[in-house]
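Notes for the one structure printed next.
The values are calculated or read from the model by the stated rules, or taken from the named source; none is laboratory data. This one's a predicted model, so the numbers in the text were calculated from it and none came from an experiment. Every residue, glycine among them, receives a Cβ derived from its backbone with ideal geometry; neighbour counts consider all protein chains shown.
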Amino acid sequence: MNLAVVFGGKSSEHDVSVITGVMTVNAAAARHNVLPLYINGDGEMYTSKKYDSVDAVAAKVKGKKAAFVKGGVMVGRKKVKLDCVVIACHGRYGEDGCLQGMLEMFDLPYVSCGVRASAVGMDKWLFKQVISYMGLPTAPFVGFFSYERNRMADKCEKLGYPLIVKPSSLGSSIGVGKACCRNELINLLDAAALWDDRIIVEKAFEDFDELNCAAIGFEDKVIVSEVEQPYGYKDILDFDDKYRGTCKGRMIPASVSDKVRDDVREMTKLLYKQLGCGGIIRVDFIRKDGIFVNEINTVPGSLAEYLFSCDGITFPGLIDALIENALRTYKCKKELKFSYDSDLLKRKKIYK
């Protein structure tokens, strides 16, 4: 099978995406013909056989320019037919529905949530509104546009300190901070506004546990992973904790009761189905006098492959399952009607 893995991107999570992408390229190469597609920070896409190495990407090894077209990708002047595209882009333009929409337009099957679920999952403010409507527990929050921030401090303070301030559509904890007083809140709101045009402020939990769970599936058949529990971080599991090793580790499976484990897995499955997700997702929860949904990642780091290894599922095996589901989703979409016959354009009346 001709498989493309697209990674990098015009995003603050570019470097994390490169790591996920290279991991995926190497895992998929065991069973497929893999074309690595790297998008640089300017949004330009290149391909090279050397892009199976993080060092090559970091060294800015020159590749051939590439561009998606219907049914495949143009590499230079040659069209390469693709059977499926694996999206390994994190953050803006890759995880938020933009890339997914482009692949839909070019009639390419892809491994990821679709446009709708990707957009909802990427925007934390929108996601919180959706899960609140679903009746799922989450931390009290206030969302607003960045230009409103100077008049929203009072409303935020009604949640009660401490508060967590986040750019609404970023990941990897970039731009996130904890405010314990008004001055800190104002500074964090200004900092968040540098990253996004929407901001979400949440009531902060203290002395809590974070729990994570992943899922893959197609229609009613959803498979959930084991539950993990990161430990050894400070108030917030920030970028350094996640990617620079300052978090001491992860317990897999998490040290929780069977009921907590079952509740987390059930809520993960419910979110996958109700949001109409595809590909693989990871849902992050907070445990503090109950279980609260925190965030959803529609393209999780390393595609959350490690969460399925406890069940004996290898990374190449996981990729095969994701491709199978992507092709089934593509087939279902192709069976839908997209055109409507009318005589509207043949009428003599001229529309201006």
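Scanning segment 248-267 for residues that are part of a helix (DSSP H, G or I) and among the basic types (Lys, Arg), which turns out surrounded by the fewest Cβ atoms within 10 Å (Cβ to Cβ)? Among those that are part of a helix (DSSP H, G or I) and among the basic types (Lys, Arg), it is Lys259.
So that you can scan it fast, the table gives a plain yes or no per residue for (1) in the same structural domain as Ile19 (by TED's automatic domain parsing); (2) closer than 20 Å to Lys221 by Cα; (3) at pLDDT 95 or above; (4) in contact with a strand residue (DSSP E or B) (Cβ under 8 Å, 6 or more places away or on another chain):
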residue: Ser257; (1), (2), (3), (4): no, no, yes, no
residue: Arg261; (1), (2), (3), (4): no, yes, yes, no
residue: Tyr272; (1), (2), (3), (4): no, yes, yes, yes
residue: Ile280; (1), (2), (3), (4): no, yes, yes, yes
residue: Ser309; (1), (2), (3), (4): no, yes, no, no
residue: Gly312; (1), (2), (3), (4): no, yes, no, no
residue: Leu318; (1), (2), (3), (4): no, yes, yes, yes
residue: Lys337; (1), (2), (3), (4): no, no, no, no
residue: Asp343; (1), (2), (3), (4): no, no, no, no
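Which members of segment 93-134 meet the condition of being basic (Lys, Arg) and out of contact with any Phe, Trp or Tyr (no Cβ under 9 Å at 6 or more places or on another chain)?
Arg116
Among residues of segment 165-188 that are not assigned by TED's automatic domain parsing to the domain that holds Cys89, those with a beta-carbon under 7 Å from a residue that is outside any strand (DSSP E or B) and polar (S, T, N, Q) at least six positions away or on a different chain give the pairs Leu170/Ser12; Ile174/Ser12.
Residues of segment 168-207 that are small (Gly, Ala, Ser), out of contact with any Phe, Trp or Tyr (no Cβ under 9 Å at 6 or more places or on another chain) and more than 22 Å from Gln229 (Cα to Cα): Ala191, Ala192.
If we scan segment 120-141, do we find a residue that is of a type in the set (Asp, Glu) and under 11 Å from Glu202 (Cα atoms)? Break it down stepwise before answering.
If we filter segment 120-141 for residues that are of a type in the set (Asp, Glu), which is where we start, we get 123.
Then keep just the ones that are under 11 Å from Glu202 (Cα atoms); that gives none.
Among the residues of segment 120-141, not one is of a type in the set (Asp, Glu) and under 11 Å from Glu202 (Cα atoms), which makes the answer no.
Pairing residues of segment 104-117 that are more than 14 Å from Tyr272 (Cβ to Cβ) with residues that are charged (D, E, K, R) and part of a helix (DSSP H, G or I), at Cβ distances under 7 Å and at least 6 apart in sequence or on separate chains, gives Val115/Glu104.
Highlighted here are the strands (runs of 3 or more DSSP E) found entirely within segment 71-136 that include at least 2 residues which are surrounded by fewer than 23 Cβ atoms within 10 Å (Cβ to Cβ) and at pLDDT 95 or above: 72-75, 78-81. For segment 58-71, a residue qualifies if it is within 23 Å of Gln100 (Cα to Cα) and in contact (Cβ under 8 Å) with a residue 40 or more places away in the chain, and exactly one does: Phe68.
Just one of (1) at pLDDT 95 or above; (2) surrounded by fewer than 16 Cβ atoms within 10 Å (Cβ to Cβ); (3) of a type in the set (Lys, Arg) fails for Lys349. It is (1). Can you say whether Ser302 is among the hydroxyl-bearing types (Ser, Thr, Tyr) and touching a residue at least 12 places away in the same chain (Cβ under 8 Å), as far as the supplied structure shows? In short, yes.
The numbered conditions (1) under 18 Å from Leu3 (Cα atoms); (2) over 14 Å from the mean Cα position of the chain (by Cα); (3) buried (at least 22 other Cβ atoms within 10 Å of the Cβ) are all true for Gly279 except (2).
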